[in-house]
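In what follows, a structure is listed as structure tokens, so that the remarks can point back to it.
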Amino acid sequence: MSDRLKFAATLAVLALFGAVPAMAAKKKEAAPAVEENPACPKKVEKVYSKPFEAVQKARDAKNWEEMLAKAKEAAAFQDPRNAYENYLLHEFHGIAYASLKQYNEAVPELAASMESPCYPEAEKLNRTKVLMQLAYQGKDYPGAIKFGAKHYEATGDVDTGLYLANAYYIVDDYPNTKKVMGEVIGKMEESGKKPEESAYRILQSSCLQLKDNACVVDLIEKLVANYPKPEYWQNLIGAMLQSSKTDKELLNILRLADGLNIMKDPAEYFEMANYAMGQGLPGEAQAILEKGIAKGAFPRAADKDRATRALADAKTAVTLDKSTLDKQDASARAKTTGDSDVKLGAAYLSYGMNDKAIEAIQRGLGKGSVKDTDEAGMLLGMAYLRANNKEEAAKAFATVSKNPMMVRIAKYWVINSNSGGVVAAG
């Protein structure tokens with residue numbers, strides 16, 4: 001965000017160059033290009049004509065130090081000045097200060113000239129935006145808010161909104177940060193333009209300060225969808241684990257964490273193994289424990305010993321389970337309802353038999369009467385992902401529609417696969 005703001009501020013300075021009317025080199029009076037206004041006599045008296053021409057010459061040469069010096073010399077004259085002469089002096093000082101990056105000195109001068117009857121009414125909104133940008137660049141955040149709020153209220157301009165929201169955030173005005181940044185992000189998303197990562201984070205931070213947990217989670221989702229970094233996925237998984245209500249939800253959240261390749265905590269490996277064993281899936285328990293050991297997830301001796309014992313138990317259960325797979329298959333096929341087929345598909349999936357898992361789950365769903373269609377759709381989606389069929393996986397995940405937590409998990413599987421994420425092999 002900071003680089004973008006600096007660039008915009010540079011453009012703001014350039015936008016000032018056309019603000020002051022050019023002066024004829026061989027005339028004693030200016031040839032203003034401003035609109036006619038009875039309150040603004042558009043002429044420069046003889047005493048100011050030559051000093052103003054010197055200022056103009058320095059400006060044309062982009063000699064800002066000289067321009068400022070000549071403007072100060074002219075301002076020191078004791079002769080009375082009309083409204084137009086005052087207007088020009090404020091403009092000259094403001095442009096010179098802005099070009100010298102003395103933004104805090106430039107803003108009051110340019111604000112004063114904007115209030116002159118000589119300033120074109122049609123240009124005042126543009127000048128207000130310039131003042132906001134210059135004030136922001138000069139770290140005068142209250143000033144940036146003053147001018148930015150006026151421009152944003154009148155135009156709803158997205159770029160102005162970004163400056164304004166940032167200024168609100170810097171001065172710890174979290175309610176207004178949330179309001180403005182939320183509006184800006186909404187407008188950008190509606191237009192198909194991806195907001196910058198910093199915009200999402202500023203809004204999320206403000207929601208966090210306001211204890212708006214729903215907003216915080218919503219922003220995590222937007223971050224993982226647009227900027228799928230491991231830290232954002234970890235934040236999302238942590239939030240989901242805290243709000244989950246059943247063992248089945250917890251297992252599926254941990255499956256997602258495994259698929260995202262972001263599991264690090266030994267407790268998560270143990271929990272996933274325990275939940276898998278509880279669901280009658282020793283193959284899944286064995287796979288996750290072996291993965292944890294291979295990744296060095298159990299650095300403490302006590303954890304490593306526990307993982308070794310748990311793995312031995314899982315392997316024993318796997319030996320028995322695998323020996324009965326054929327019987328389980330025959331039994332499931334013979335039943336008129338689909339739950340046994342789905343359960344068998346989960347077992348096949350845990351052993352990396354993706355094609356058999358897909359066939360069994362589809363068969364079960366085809367029979368109907370499956371009690372937990374969300375779990376079936378989730379398993380089918382995972383099986384398709386592991387078989388490198390993202391299109392069919394997305395269709396399977398789309399069938400998850402009843403349990404809100406499961407719906408979210410399915411959505412995140414799709415987001416991760418669309419972003420080229422890792423899919424655990426089970």
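Observations, loosely collected:
- Within the shell defined by Cβ-Cβ distances under 14 Å, the residues around residue 335 carry a net charge of +3, with Lys and Arg each +1 and Asp and Glu each -1.
- Cα coordinate range in region 244-358, projected on the principal axes (Å, largest first): 48, 29, 24
- Compactness of region 221-311, taken as the C-alpha radius of gyration over 2.2 N^0.38 Å, stands at 1.10.
- Taking 0.36 nm per residue of sequence separation and removing the Cα-Cα distance, the residue 300/residue 191 pair yields an extension gain of 34.1 nm.
- Computed over the alpha carbons of region 276-426, Rg followed by Dmax gives 16.2, 50 Å.
- Put simply, the C-alpha atoms of the chain give a gyration tensor, and the ellipsoid matching it has half-axes of 70, 20, 16 Å, longest first.
- Peptides 261-267, 345-351 ordered by average Cβ neighbours within 10 Å, highest first: 345-351, 261-267
- Rounded to 10°, Cα long-axis angle of helix 141-155 versus longest principal axis of the chain: 80
- Neighbour-limited loop hits for chymotrypsin sites (Phe, Trp or Tyr not before Pro), region 180-235 (at most 11 other Cβ within 10 Å; DSSP other than H, G, I, E, B): none
- Two-site FRET efficiency, residue 331 against residue 371, from Cβ-Cβ distance with R₀ of 25 Å, rounded to 0.05: 0.90
- Direction-averaged projected area, Cα convex hull, region 130-192: 3.8 nm², rounded to one decimal.
- Packing-based exposure ordering (other Cβ within 10 Å, fewest first) of 177, 337: 337, 177
- Candidate lysines for bridging to residue 322, where Cα separation is under 21 Å - those fewer than 8 sequence places away on the same chain excluded: 291, 335, 343, 356
- For region 279-332, the Rg and Dmax computed from alpha carbons only, in angstrom: 13.5, 44
- Computed log₁₀ I(q)/I(0) - Debye formula, equal Cα scatterers, no solvent, region 136-246, q 0.10, 0.11 Å⁻¹: -0.31, -0.37
Every number here is computed from the coordinates shown, using simple stated rules; none is lab data. Model, not experiment: these values are computed from the prediction. Please note: Cβ atoms are built from the backbone with ideal geometry, for glycine as well, and neighbour counts cover all protein chains shown.
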